[in-house]
Amino acid sequence: MPAFDYSAYNKTGKLSSGVISADSERQARRLLKEQGLLPSTLAEVGEKKTGKISMGRREARVNNFDLSLLLQQQAILIQSGLPLEEALRMTIEQAETDRQRRMVESWRSEITEGRSFSEALRRSPYKIPESIIAGVGVGEESGHLHRVLMRLAEDLESNAENRKTISRAMIYPATLIATSIIVVSIMMVWVVPKITAIFMSSKRELPLVTRVIVGLSEFTQAYGLFVLAAVVALAFAFRQAMKDPQRKERWHALILNMPGMGRWIRMANISDWARSLGVLLNNGVPALAALTISSAVVTNLHLRGKFEAVTEGMRQGSSLKKALEDSQVGSGFLIHMVGSGEASSELDKMLLRVSEYYSVRLNNAVEVFLKLVNPILIIFMGMIILSVVAAVMLPIMDMNNMI
């Protein structure tokens, strides 16, 4: 049974929105009228609303934390003995956001039509990761769906944490630098010219630091907008260039060779790949299918190509350890642990340990970076502000000495 997003007016004229299940748009309108609501817009879940006309389009991937929360809720409800359809209905009633409610309603509408949970996820207008769909399918076949859902939810949270760790390392320095640029630009355009105009009119020779600041101020006033336009144009051109897969792959390869950042991205991607592969193997997914799905988890295209080469090597009969060595995708630790896992028939456990190891290393590296860069940035900002203050105060002190 399809689900529909709606906006409708109640008897008091207040506009409300929500989701309703119905066999057709006509039935959905009738059900809304029976509830005392006058429909304003109506569109099937996952379709773009333009007035009363619906144009189908697949929505973007859902937030990993939202998806993890929903999977955990299903695992708990199913473990308590509720049927899947009933568990989904309860989740809809308790959803924290409209986006979560619409997503679960799209799953429930497929379930009520007789499809499996994995097929409902695949047909959902929300793009669910293939690793989740494969894991759910295995859970349904094995009869341990609640365990698989809980494990997949934990996997999603761990992957999101790795990305969050890298973002945390860059957000603070970027925010500090952006704030400094804005503050200095305001001073150069509005504050410095008004103060230095007094000194320029005296026709006295100004200190070097004052002449430098005045020169920067004049340049900012004359060409600041042009510089800003050039930066915006370059950002737009870069974004357009990244739409080409080959250019994007070369850029990702360049990022991996950058000091610091390249090492973090490599560790985060290897950790995500190892965790995804370990979870899938632990849940009973065939090795080649698990490798194919795990490669799609890797966000860096250059590394993804190497992991796809590992999958191809396995398909041709190579061991995972040998395929990793040939592709030169990871460090000796990864290869050693994979070799030990294959020898002991505990590859899934070894891969999960590899993932934990790289996650810990990534967290430690980021913490050290933040401890080093924060005082450096503060000192740098202090030097900039001190230079501006000195450019203003030195001429004033010189004039006082003349008096």
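Here, each number is a calculation from the coordinates, and none is a lab measurement. Note that the structure is a prediction, hence the values are computed from the model and not measured. Backbone-built Cβ (ideal geometry, glycine too); neighbour counts: all protein chains shown.
Could you work out the equivalent-ellipsoid semi-axes for region 150-247, taking the square root of 5 times each eigenvalue of the Cα gyration tensor, largest first, in whole Å?
Square roots of five times the eigenvalues give 45, 19, 9 Å.
Using a Förster distance of 41 angstrom, determine the FRET efficiency expected from the C-beta separation of residue 241 and residue 387, and round it to 0.05.
Plugging the Cβ-Cβ distance into 1/(1 + (r/R0)^6) gives 0.65.
Cα-Cα over 26 Å: which of 248/321; 164/243; 164/248; 243/371?
248/321; 243/371
Can you tell me the 0 to 90 degree angle between the C-alpha axis of helix 287-297 and the longest principal axis of the chain, rounded to 10?
Between the helix axis and the principal axis of the chain, the angle is about 30 degrees.
Explain nothing, just the number: relative contact order of the chain, from Cα pairs under 8 Å at least 6 residues apart, as a whole percent.
Once divided by the residue count of the chain, the mean separation gives 14 percent.
Roughly how tilted is helix 347-402, in degrees to the nearest 10 and between 0 and 90, from the longest Cα axis of the chain?
So the helix axis and the longest Cα principal axis differ by about 20 degrees.
For the chain, what is the percent of antiparallel DSSP beta bridges, rounded to the nearest 5? Write out the running numbers ahead of the final one.
Values: 17 of 18 bridges.
Bridges in the chain are about 95 percent antiparallel.
Which one is right for this structure if log10 I(q)/I(0) by the Debye sum over Cα atoms at q = 0.08, 0.12, 0.13 Å⁻¹ is calculated from it: (1) -0.66, -1.05, -1.13; (2) -0.49, -0.94, -1.06; (3) -0.57, -1.08, -1.21?
Computed from these coordinates, log10 I(q)/I(0) by the Debye sum over Cα atoms at q = 0.08, 0.12, 0.13 Å⁻¹ corresponds to label (1).
What whole-number distance in Å separates the alpha-carbon centres of region 338-403 and region 83-157?
After rounding, the separation between the Cα centres reads 40 Å.
Checking the a/c ratio against 1.5 first, then a/b against b/c, what shape does the Cα gyration tensor give for region 64-128?
Details: a/c = 1.44, a/b = 1.02, b/c = 1.41.
Rounded shape, in that the Cα axes give a/c under 1.5.
Show that you can apply the helix-only estimate: for the chain, add -39,500 (n - 2.57) for every DSSP H stretch of four or more residues, divide by all residues, and state [θ] at 222 nm to the nearest 500.
-25000 deg cm²/dmol
What order do you get for 276-287, 210-221, 362-373 when each peptide is scored by the mean count of other beta carbon atoms within 10 Å, highest first?
Final packing ranking: 276-287, 210-221, 362-373.
Highest mean first, what order results for 331-337, 309-315, 262-268 on Cβ atoms within 10 Å?
My ranking of the peptides, most packed first, is 262-268, 309-315, 331-337.
Sort the following peptides by mean Cβ neighbour count (other Cβ atoms within 10 Å, averaged over residues), highest first: 121-132, 149-160. Numbers along the way, then the final one.
Numbers: 121-132: 19.6, 149-160: 21.5.
Averaged packing, sorted descending, gives the order 149-160, 121-132.
May I ask you to list the aspartates and glutamates whose Cα is less than 19 Å away from that of residue 33, ignoring any residue fewer than eight positions away on the same chain?
Residue 33 reaches 5, 23, 25, 44.
Mind pulling the angle between the C-alpha long axis of helix 130-142 and the longest principal axis of the chain? Nearest 10 degrees, somewhere in 0 to 90.
Roughly 30 degrees, rounded to the nearest 10.
Please list, in chain and number order, the residues 5+ apart from residue 41 or on another chain whose amide H is under 5 Å from its amide H, with Hs placed from the backbone.
Hits under the 5 Å cutoff: 7.
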